[in-house]
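Let me begin by presenting the structure, written as structure tokens, before commenting on it.
The values are calculated or read from the model by the stated rules, or taken from the named source; none is laboratory data. Fair warning: this is a prediction, and the values are worked out from it, not measured in the lab. Cβ placement follows ideal geometry from the backbone for every residue including glycine, while neighbour counts extend to all protein chains displayed. Just so you know, the surface numbers come from the protein's heavy atoms only, side chains and all, with ligands and any DNA or RNA stripped out. Shrake-Rupley method; radii C 1.70, N 1.55, O 1.52, S 1.80 Å.
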Amino acid sequence: MKPTPTGRIIVEAARGHMPGFVDTGLNLVHVDDVATRHLGALRKGRVGERYILGGENVQLRDMLRKSRE
């Protein structure tokens with residue numbers, strides 16, 4: 001399996017190969033939370049409704065800084 005585009009940015013930054021990046025933010029959600037909420041929507045959701053799942057808002061620069069630590 002290959003990393004997602006965002007995952008690729010983190011891997012390259014950790015390797016020291018990140019010459020620059022766009023100053024933007026991301027919303028990160030743990031995969032276990034995503035799975036739990038999908039099951040909840042399957043069990044209790046209604047056809048035609050939409051659900052938003054969000055986690056922690058993180059600035060890309062902060063995430064890249066942590067990946068190098």
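So, for the chain, what is the accessible surface per residue at a probe of 1.4 Å, expressed in square angstrom?
89
What part of the accessible area of the chain, given as a whole %, is carbon or sulfur when the probe is 1.4 angstrom? That fraction is 54 percent. The mean sequence separation of alpha-carbon pairs under 8 Å and at least six residues apart, normalised by the residue count of the chain, gives a relative contact order of 51 percent.
Dimensions of the chain along the principal axes, based on C-alpha atoms and rounded to the nearest Å, stand at 46, 26, 20, largest first.
Output the peptides 45-57, 22-34 sorted from most to least packed, where packing is the average of other Cβ atoms within 10 Å over each peptide's residues.
22-34, 45-57
With contributions of -39500 (n - 2.57) from each DSSP H run of at least four residues, the per-residue ellipticity at 222 nm computed over the chain stands at -14000 deg cm²/dmol.
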